[in-house]
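These notes concern the structure reproduced below.
The values are calculated or read from the model by the stated rules, or taken from the named source; none is laboratory data. Note that this is a predicted model, so its numbers are computed, not measured. Note that we place each Cβ from the backbone using ideal geometry, even for glycine, and neighbour counts take in every protein chain shown.
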Amino acid sequence: MNRTSLFRLPFLIIFLIFFLSSCSQDEIVIPDEVLKPEQMTAVMVDIQLAESALMQMEQNGQNAGLYKKRVFDLLFKKHHIQKEKFDSSLSYYTLYNVPKLDAIYADVITQLSQKQSLNK
């Protein structure tokens, strides 16, 4: 190794350390105004169940549109949130924390599958 290569080696090592440490997947801190993943999951499960019930009403010839606003108002009231908070939380996960949103959706599917198996 020549003298120039020896001089560059420490800089290369330092660069690699900074590069690798900046690429690590640290846990993203979720802001206080955003619903936590557990609460997002619970709300999304209830939304899916409500939408399914409304769709079933439509298939049975009933006008589900008459009930939709009331159903969702009650759903958000049950979870002690406003629709706007849910919408902004969903936007946060969609824009800034997609891996966590994927995990939330996986939990939603798991919970819905468990509920479905209990109803058989």
- Query: Taking segment 50-103 as the search range and keeping residues that are more than 26 Å from residue 34 (Cβ to Cβ) and charged (D, E, K, R), which one is modelled with the highest pLDDT?
  - Reply: 70
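Just to verify a result, which residue in segment 59-98, among those that are part of a helix (DSSP H, G or I) and touching a residue at least 60 places away in the same chain (Cβ under 8 Å), is surrounded by the most Cβ atoms within 10 Å (Cβ to Cβ)?
In the first step, residues of segment 59-98 are kept if they are part of a helix (DSSP H, G or I); the result is 59, 65-78, 83-96, 98.
In the following step, the residues that additionally are touching a residue at least 60 places away in the same chain (Cβ under 8 Å) were identified as 92, 96.
Working: 92: 18, 96: 13.
Checking each candidate, the answer is 92.
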- Residue by residue through segment 31-58, note down the ones that are over 21 Å from residue 113 (Cβ atoms) and part of a helix (DSSP H, G or I). 57, 58
